[in-house]
Amino acid sequence: MTRTFLLAAAAAAALSVTGAQAQTEIQWWHSMGGALGDKLGDLANKFNASQKDYKVVPSYKGSYPESMTNAIAAYRAGNAPHILQVFEVGTATMMAGKGAVVPVYKLMKDADEPFDPKAYLPPVSGYYSDSKGNMLSFPFNSSTVVYYINKDAFKKAGLDPNKAPKTWKEFVAAAEKLKAAGQGCVYTTGWPSWMHIENFSAWHNVPIGTKENGMGGLDTEFQVNSPLHVRHIAMLGDMAKKGLFTYAGRTNQGEAKFSSGECAMMTSSTGAQANIRRSAKFEWSVNFIPYHDDVKGAPQNSIIGGASLWVMGGKTANAYKGVAKFFAFLSKPEIQMEWHTGTGYVPITMAAYEMTRKSGFYDKNPGADIAVKQLTNKPPTANSKGLRFGNFVQGREVIEEEMENVFSGKKDAKTAMDEAVRRGNEILRKFQAANKG
């Protein structure tokens, strides 16, 4: 081997090392396992292949609460990721972390990347914006609650399978016919508080709490014991007593009961559709969630669930430029359409929704656009643009525990919802005290 060759090889190696060092890694912690994690990885790979300056490195860090807890600990130790996926109920906690996060609107402006908050669906952008309309985190996997029916079970019960009940009166009447026809499990729900308190409140344009559902200040208080809330939870308790409602659990346990054919009706996330498409051996449809027709103005609009991407503080300006480029990439209509059609999550921009509609996807997959229609049914109000309660992970657990007391017949609805407010407000006061100033 000649000296000239060795020198050339060394120079090439040096250039290679220089090139590798020039590529800045962007660490992305997330909570999506299985097929969703694969789809998320595809997005990162596509971005990485689109340019040479940055490399997004996704890392699965367990459930949403686990990932959030780990990220907070890592931030204190100086090892936080650049991007953290946080579920929607953690929004207030992240907002309170002044200095620990970089607001998305500032990130995009500093990096001079295109960013128009008005391009996003209003219920999506509103959920993650402050009172001045500044978007603080980047919407990613947004969903909402929709209403599924088993059309075969409807036919068997003598019901019109093409006319899903629109109101809760019609819903209960259909439930009674399904029960009479021998349907063992008539109705179940995924995410009971998200459906029957949070989306229920937005759908009927009533507050869950004071101060615009917590968006106006930390001194908010829960209002889930209003006459309408009590009436609705009492109705569910009565349905449970009569065998018309089967309680399945606090998360998505009801989805398996519907996709297997065990339950004839279900309210749950739009994100359940991919699994139902794969598993269901019967005809089914996706519909608007029911409403109480004696409530003036109902239905209003539903609110989102899912998660957004938060940018952690303490990184270099170059790294933030890379994060901004990645968010601009994720905002492209074709990328949003790919994510929406591949996962069942909502397209977060109107441009992505229109592109998907024109592609014929909704014609081939009836009901896949119901979520967007529901979210945009009417312009969001102070009661329907979202919620922001401190420590709402614990607050939601308290509400669900009291709802369970009604479903099991241990408490009447008024007593249970009064207790949910009392216990929930204690959690809010602790959060307020810990974050004052």
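When region 84-107 is filtered for residues that are buried (at least 23 other Cβ atoms within 10 Å of the Cβ) and under 13 Å from Tyr320 (Cβ atoms), only Val104 remains. Count of region 51-76 residues, restricted to those that are closer than 21 Å to Thr251 by Cβ and either open to solvent by 70 Å² or more (accessible area, probe 1.4 Å) or not in a helix (DSSP H, G or I) (or both), is 7.
Yes/no matrix, rows are residues, columns are (1) of a type in the set (A, V, I, L, M, F, W, C); (2) touching a residue at least 12 places away in the same chain (Cβ under 8 Å); (3) closer than 20 Å to Glu338 by Cβ:
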site: Leu36; (1), (2), (3): yes, yes, yes
site: Lys39; (1), (2), (3): no, yes, yes
site: Leu43; (1), (2), (3): yes, yes, yes
site: Asn48; (1), (2), (3): no, no, yes
site: Asp53; (1), (2), (3): no, yes, no
site: Ser59; (1), (2), (3): no, yes, no
site: Tyr64; (1), (2), (3): no, yes, no
site: Thr69; (1), (2), (3): no, no, no
site: Arg76; (1), (2), (3): no, no, no
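Taken together, Val89, Val124, Val101 contain a single residue that is over 23 Å from Thr381 (Cα atoms), touching a residue at least 12 places away in the same chain (Cβ under 8 Å) and among the aliphatic types (A, V, I, L, M), which is Val101.
Those strands (runs of 3 or more DSSP E) of region 77-161 in which at least 3 residues are under 17 Å from Gly313 (Cβ atoms) and of a type in the set (A, V, I, L, M, F, W, C), considering only elements entirely within it, cover 83-87.
Here Thr341 meets the list (1) open to solvent by less than 40 Å² (accessible area, probe 1.4 Å); (2) under 17 Å from the mean Cα position of the chain (by Cα) almost entirely, failing just condition (1).
Report yes if Thr210 is out of contact with any Leu (no Cβ under 8 Å at 6 or more places or on another chain), without any contact (Cβ under 8 Å) to a residue 40 or more places away in the chain and either crowded, with 24+ Cβ neighbours inside 10 Å or among the polar types (S, T, N, Q) (or both), otherwise no. Yes, satisfied.
The residue list Ala420, Ala382, Ala368 contains one member that is of a type in the set (Gly, Ala, Ser), more than 28 Å from Thr93 (Cβ to Cβ) and either surrounded by fewer than 16 Cβ atoms within 10 Å (Cβ to Cβ) or touching a helix residue (DSSP H, G or I) at 6+ places or on another chain (Cβ under 9 Å) (or both), which is Ala368.
The values are calculated or read from the model by the stated rules, or taken from the named source; none is laboratory data. Being a predicted model, the structure only gives us computed values, none of them experimental. Cβ: placed from backbone, ideal geometry, glycine included. Neighbour counts: every protein chain shown. The protein model used for the area step is the full one, side chains on, heavy atoms only, and it has no ligands, DNA or RNA in it. Shrake-Rupley method; radii C 1.70, N 1.55, O 1.52, S 1.80 Å.
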